[in-house]
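For reference, the structure discussed in these notes is given below.
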Amino acid sequence: MIKRIGILTSGGDCAGLNAVLRAVVLHATSNKGWEVLGLRQGTAGLMARPVEAELLDPYAMSSVLLRQGGTVLGTTNRGDPFAFPMADGHLLDRSEEVIDGYRQLGLDALIGIGGDGSFRILRRLAQQGGLNLVGIPKTIDNDLGLTEISIGHDTAVWIATEALDRLQPTAASHDRVMVLEVMGRDAGHIALSAGIAGGADAILIPEIPYSMERVAQKIDDIKRQGRNFALVIVAEAVTTEHGEPVTVTHVGGKATYGGIGHYVSDRLATLTGAETRVTVLGHLQRGAPPDPRDRVIAQAFGVHAVDLIDAGKFDRMVAWQNRRVIDVPILEAIERYQAVDPDGTLVQTARGLGISFGD
């Protein structure tokens with residue numbers, strides 16, 4: 001019999017996480033009579049001693065959480081418990097500490113909110129320790145398989161679209177080409193959707209090889225047609241024309257994507273003679289209040305996750321297909337990575353609108 005469950009957020013933050021948390025707590029406590037423990041900083045909270053967890057009070061789950069970005073539980077996207085970096089530089093397998101933390105709390109099940117990387121770790125922990133796991137997909141990149149939408153993606157697209165809306169008037173005022181760099185670690189879903197919604201002239205995504213000469217030709221065509229500005233949106237994972245990733249190295253040696261917007265801007269300025277400017281949205285796409293769709297999907301996911309636990313259905317991920325909530329095996333969702341389909345509807349829509357992919 002289920003009496004106590006835990007919930008954690010793992011990986012990068014995004015809009016809608018607190019809406020999931022609220023839905024899980026309200027449904028589990030009010031309708032099931034369970035206790036819900038919130039685990040701090042993802043798996044790091046289970047690894048800590050004492051375990052970093054708190055009993056979540058349903059009366060504290062006000063509608064304020066629906067509007068709040070980030071995650072009140074905190075999260076982490078580093079420190080794989082199977083290869084945890086220690087102070088002296090060596091890697092230590094601390095997975096059993098995480099599993100023991102679950103047992104110390106007397107949990108009957110765990111809801112993990114994460115993306116593909118988080119699910120790989122959480123599922124491995126569950127398989128090793130016999131933990132009852134249910135997953136809820138969240139990734140602004142929307143690249144998890146078997147679900148049409150992941151929490152946070154819709155808000156990220158909205159923010160990128162709004163950025164294009166704001167860049168267009170200043171581009172027109174100064175006869176400029178505006179380049180907007182958006183997130184997209186491996187997939188170009190944000191750039192593609194926002195580019196269509198925001199009226200971009202060129203969309204560069206990692207799934208479609210491009211030539212800067214082709215993009216420059218698009219800019220020149222626009223000028224010949226009498227328009228004095230252009231908008232280009234590029235996903236951060238796009239490489240140079242020669243296939244080289246553009247990254248930034250942070251303190252500690254970790255490299256992340258960043259800078260492709262400046263590369264594209266400089267090349268376009270050279271090839272077209274246009275005045276170019278770059279805007280890098282970065283974490284602005286993560287921290288906003290969730291839009292209405294993310295709020296609705298997040299709460300539908302949270303309720304269904306609780307129902308899965310009640311039904312004893314574990315090793316499952318909540319998903320959205322055909323306008324309804326379903327659930328799928330976590331392993332299948334991880335393995336069926338969902339990049340942009342170069343022949344898919346949205347790419348064909350963009351091409352039909354005359355948007356260039358540089359190919």
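The values are calculated or read from the model by the stated rules, or taken from the named source; none is laboratory data. The structure presented is a predicted model; accordingly, all values stated were derived computationally and were not measured. Here the Cβ is made from the backbone with ideal geometry for all residues, glycine too, and neighbour counts use every protein chain on show. With ligands, DNA and RNA removed, areas are computed over all heavy atoms of the protein, side chains included. Shrake-Rupley method; radii C 1.70, N 1.55, O 1.52, S 1.80 Å.
Points to keep in mind about this one:
- Within region 329-359, being polar (S, T, N, Q) and at pLDDT 95 or above holds for Thr345, Gln348, Thr349, Ser356.
- Test: residue in region 68-88 that is β-branched (Val, Ile, Thr), modelled with pLDDT of 90 or more and either more than 20 Å from the chain's Cα centre (by Cα) or farther than 26 Å from Met183 by Cβ (or both): no
- Any hit, region 56-75, residues being charged (D, E, K, R), more than 30 Å from Val296 (Cβ to Cβ) and either in contact (Cβ under 8 Å) with a residue 60 or more places away in the chain or in a loop (DSSP other than H, G, I, E, B) (or both): no
- Region 204-222 residues that are among the small types (Gly, Ala, Ser), paired with ones that are open to solvent by less than 30 Å² (accessible area, probe 1.4 Å) and modelled with pLDDT of 95 or more (beta carbon under 7 Å, 6 or more apart): Ser211/Gly358; Ala216/Leu268; Ala216/Thr272
- Conditions (1) in a strand (DSSP E or B); (2) under 30 Å from Arg336 (Cα atoms); (3) open to solvent by 20 Å² or more (accessible area, probe 1.4 Å): number failed by Asp80: (1)
- Subset of region 154-173 (residues that are within 21 Å of Arg227 (Cβ to Cβ) and not β-branched (Val, Ile, Thr)): Ala163, Leu164, Asp165, Arg166, Leu167, Gln168, Pro169, Ala171, Ala172, Ser173
- Within region 122-145, restricting attention to residues that are polar (S, T, N, Q) and part of a loop (DSSP other than H, G, I, E, B), the residue that is surrounded by the fewest Cβ atoms within 10 Å (Cβ to Cβ) is Asn132.
- Residues satisfying the stated conditions in region 220-234, i.e. surrounded by 22 or more Cβ atoms within 10 Å (Cβ to Cβ) and assigned to a helix (DSSP H, G or I): none
- Members of region 300-352 found to be small (Gly, Ala, Ser), part of a helix (DSSP H, G or I) and open to solvent by less than 50 Å² (accessible area, probe 1.4 Å), listed by number: Ala300, Gly302, Ala305, Ala333, Ala350
- Candidate set: region 175-216, residues that are part of a helix (DSSP H, G or I), more than 17 Å from Gly261 (Cβ to Cβ) and of a type outside the set (Asp, Glu); chosen: the one nearest to the chain's Cα centre (by Cα): His189
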